[in-house]
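> Below you will find the structure I want to go over with you.
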Amino acid sequence: MEDRYLFLKGCKVVTVNSGDDIIDGGVVVTKNDRIDFVGTEEEASRKYEDIPYELMEYENGMILPGLVTSHTHLFQSLMKGIGCTLNLDDWVTKVIYPMSMVMNFDDCYNAGRLNISEMIRTGTTCFADSHYIVQKDENFDGMAAAAKETGIRAVLCRATQNMKYHPDVPAEAIEDTETALAKTESCIKKYHLTETGRIRVGVEPITPIDCNAETIKGLFALAEKYDTLFQCHAAESIGELTIVKNAHKMGIMEYMHSLGVLSPRTMMIHSIWISAKEQQQLADTKTNVSHQPLANMILGDGIAPIPELLSRGVNVGIGVDGAASNNNQDMVESLKATALLHRVHTLDAGVLSAYDVLKMGTMGSAKCLGLDQEIGSLEVGKKADIVVVDTGSLHLTPAIDPITNMIFSGNGRDVDTTIVDGKVLLKGKRFTSLDEQEVVERARKSAEKMYTNVVL
C-alpha cells in the first residue's frame with residue numbers, strides 16, 4: 001500500500017513540545033498514522049517537493065495536538081440535564097443507577113456514539129472512559145463497538161463495585177472479587193491494543209468505598225500484568241472521605257497508598273479532599289491526577305488543590321467527566337473552567353495561563369493515560385492526532401494571541417478539523433463518515449426508554 005501524506009498548513013502551529021515551540025505560518029505533515037514533519041512551510045516544501053501529498057490549507061487555522069479527555073463516562077451522555085440540583089450521592093442513586101440498570105448493548109452503543117461524536121466535533125482525539133454499568137457483559141461491548149466505529153482513540157476502563165456503600169445501590173451493580181477480576185481480564189484480552197493499538201483497556205475500582213482492599217489490589221495487579229492504566233475515583237466528596245476515615249482511620253490517598261496502588265500508571269480522578277501529606281504522597285509515587293472542574297462545580301463537590309499539586313510536581317490532566325455531571329463533552333470549556341476556577345479560588349489571575357491549561361489538556365492528560373510517548377504534542381514520530389481551530393471567526397478576532405482567545409473567548413465548536421491516527425474524522429466542521437442525524441435519533445430513543453425509570 002502506498003504511503004499517504006497529509007500536508008497541513010496553518011497560520012500557527014502550537015507544538016506543546018518540551019520547548020513549547022510555536023511556529024508562525026507552520027506546517028505539519030503526516031505520513032499514514034504518524035507525524036512526519038513539523039516546521040516551516042519553506043522547509044516542508046523542500047522536503048516533500050517530489051512526494052505526492054494531500055494539501056489541507058487553513059488561512060486562519062491554528063494547528064494543535066488533539067485534546068485528550070482524561071476522564072468521562074460514555075454511557076452518561078443519555079442522562080445529560082437530569083437531576084442537576086442533586087448532590088453527588090443523590091444524583092448517583094436517583095438518576096444514574098435507575099437509568100443505567102435498563103441499558104443494553106444498543107443503548108450503550110448509542111450513548112457511546114453520541115458522546116464520542118461530540119468529542120470529535122469539539123477537538124478531543126483521545127479519552128479514558130469509566131464504565132461501571134457492568135450488570136450485562138454486552139454493555140462494555142456496546143461501548144467498544146462505538147469507539148471502534150467512530151475512529152477515536154480510547155482507553156476503555158471496566159469499573160467494578162463489590163461494596164454497597166449506600167442502601168439505594170442496586171444489587172445488580174455488585175459483583176464479588178473473583179467475578180470482577182475475571183471479567184475485567186476478559187475485557188482486556190478481548191479489546192486491549194486492538195484497532196492497531198487505537199483502543200486500549202484499563203482497570204478501575206470505582207471508588208475506595210465501592211471496593212474492598214482485595215479487589216483494589218487485584219485490579220492493580222491486572223494493570224501491571226497487562227501494562228495498562230489503573231484509575232479510580234478518589235476523594236471526590238466529603239461523604240466519601242468520612243466513610244474512609246471512619247473505616248481506616250486515615251485519608252483516602254493515605255489508604256490507597258497503604259494498598260500499594262499509587263504509581264506512575266495510576267490516575268486518581270478528582271482528588272479534592274486530600275491533605276498536604278497526601279499531596280506529597282501523590283508526588284513521591286508519581287501518581288497522576290485527573291481534574292474535573294465543571295463536574296465538581298455542578299455537583300457542589302469542592303475544589304481540587306490543583307496549583308498545590310502542580311507545585312509539588314504532580315502531573316495533572318483535565319477531563320470533562322460524564323455528560324450527565326457536566327452536560328457536555330467540550331474540552332475547551334473544561335480548560336477555561338480550570339483556569340477560572342483556580343484564579344478565583346487563589347485570588348491570583350496568573351496562577352494558570354491559557355497555555356498552562358492547554359498543556360494540561362494535551363500532554364498532561366496523555367501522561368495520565370500512559371500515552372505521552374505517543375500523543376499529546378506535535379512531534380515527529382508521534383501518532384497523527386491533530387486538531388485545527390478556526391481563529392478567524394467574529395468572537396476570536398483579533399487573533400493576536402490565538403491560544404488565549406481559544407480558551408477564554410471560544411469553545412470546542414471553533415474546531416474545524418479533527419484527525420486521529422492520520423484519518424480525518426471532521427473537516428470543515430462536518431463529520432467525514434458519521435451520520436449526525438442518525439446518531440442523534442438513535443440516542444434520543446434510548447434516552448426516552450431509560451428515563452421512565454427515574455423518579456425525582
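Since every read-out is calculated from the coordinates, none of them should be taken as a lab result. Treat the numbers as computed from the prediction; the structure is a model and nothing was measured. Please note: Cβ atoms are built from the backbone with ideal geometry, for glycine as well, and neighbour counts cover all protein chains shown.
> Sort Ser433, Ser446, Ser130 by Cβ crowding within 10 Å, fewest neighbours at the top.
Listing Ser433, Ser446, Ser130 from fewest to most nearby Cβ atoms yields Ser433, Ser446, Ser130.
> Rounded to the nearest 0.05, what FRET efficiency do His166 and Gln373 give with R0 = 30 Å and r taken as the Cβ-Cβ distance? Could you check? Please report the intermediate quantities before stating the final value.
Numbers: r = 40 Å, r/R0 = 1.33.
That gives a FRET efficiency of 0.15.
> How big is region 332-401 by the Kirkwood estimate over distinct Cα pairs, in Å?
Kirkwood radius, region 332-401: 13.9 Å.
> Further, regarding this structure: May I ask for the angle, rounded to the nearest 10°, between helix 137-150 and the longest principal axis of the chain, with both axes built from Cα atoms and the value confined to 0 to 90°?
That helix lies at roughly 10 degrees to the long axis.
> Which loop GluC sites (Glu not before Pro) in region 48-156, with loop taken from DSSP, have no more than 14 other Cβ atoms within 10 angstrom of their Cβ?
Numbers: sites: Glu49, Glu54, Glu57, Glu59, Glu118, Glu138, Glu149; in loops: Glu49, Glu59.
Filter output for region 48-156: Glu49, Glu59.
> Another question about this same structure. Over the chain, what portion of Cα pair distances is larger than 33 Å, expressed as a whole percent? Show your work: numbers first, answer last.
Numbers: 32815 of 103740 pairs.
Beyond 33 Å sits 32 percent of the P(r) for the chain.
> Starting from the 7 Å offset along Cα-to-Cβ, what nm value, one decimal, do you get for the label separation of Gln135 and Thr85?
In this crude label model, Gln135 to Thr85 measures out at 2.7 nm.
> How high is the relative contact order of region 131-240? Use alpha-carbon pairs under 8 Å, at least six apart in sequence, and give a whole percent. Don't skip to the end; give the middle numbers.
Working: 152 pairs, mean separation 29.2, N = 110.
This gives 27 percent for region 131-240.
> Which value in Å does the Kirkwood hydrodynamic radius of region 150-210 take, with 1/r averaged over all unlike C-alpha pairs and then inverted?
On the way: mean 1/r = 0.0785 Å⁻¹.
When all Cα pairs of region 150-210 are included, the Kirkwood radius is 12.7 Å.
> Give me the one-decimal Kirkwood hydrodynamic radius in Å for region 34-106, with the sum taken over alpha-carbon pairs.
Answer for region 34-106: a Kirkwood hydrodynamic radius of 17.6 Å.
> Using a basic spin-label model with each label point 7 Å from the Cα along Cα→Cβ, how many nm lie between Asp106 and Lys217?
4.5
> Further, regarding this structure: For region 396-453 and region 190-244, write down the distance between their C-alpha centroids in whole Å.
Taking the Cα centre of each part, region 396-453 and region 190-244 sit 29 Å apart.
> Let me ask something additional. Under a straight-distance cross-link criterion of Cα-Cα below 26 Å, which lysines are reachable from Lys183, leaving out those fewer than 8 residues away in the same chain?
Answer for Lys183, where 26 Å is the Cα cut-off: Lys136, Lys148, Lys164, Lys217, Lys225, listed by chain and number.
> Can I ask one more? Note down the nm distance, to one decimal, between modelled labels 7 Å out along Cα→Cβ at Tyr451 and at Glu149.
It works out to 2.2 nm between the two label points.
> Output wanted: per-residue J couplings in Hz (rounded whole) for region 353-359, from phi through Karplus 6.51 cos²θ - 1.76 cosθ + 1.60, θ = phi - 60°, x for Gly and Pro.
For region 353-359, the Karplus-derived couplings read 7, 4, 5, 4, 6, 4, 5 Hz, x marking Gly and Pro.
> Explain nothing, just the number: relative contact order of region 26-180, from Cα pairs under 8 Å at least 6 residues apart, as a whole percent. Spell out each step's value before the answer.
Details: 185 pairs, mean separation 32.2, N = 155.
Relative contact order of region 26-180: 21 percent.
> Provide, in order from the shortest bin, the percent of all Cα-Cα pairs of region 303-419 in each 10 Å bin, continuing until the bin that contains the maximum pair distance.
13, 41, 37, 9, 0
> To continue, here is another question. Over the Cα atoms of region 163-316, compute the convex hull volume and normalise it per residue, giving Å³. Don't skip to the end; give the middle numbers.
Values: hull volume 19.6 nm³, N = 154.
Dividing the Cα hull volume of region 163-316 by its residues yields 127 Å³.
> Also, I was wondering about something else. Nearest 10 degrees is fine. How inclined is helix 177-191 to the longest principal axis of the chain, computing both from alpha carbons?
Rounded to the nearest ten degrees, it is 20.
> At R0 = 25 Å, how high is the FRET efficiency between Asp21 and Asp227 if r is their beta carbon distance? Nearest 0.05 is fine. Please list the in-between numbers first.
On the way: r = 31 Å, r/R0 = 1.22.
Efficiency at R0 = 25 Å is approximately 0.25.
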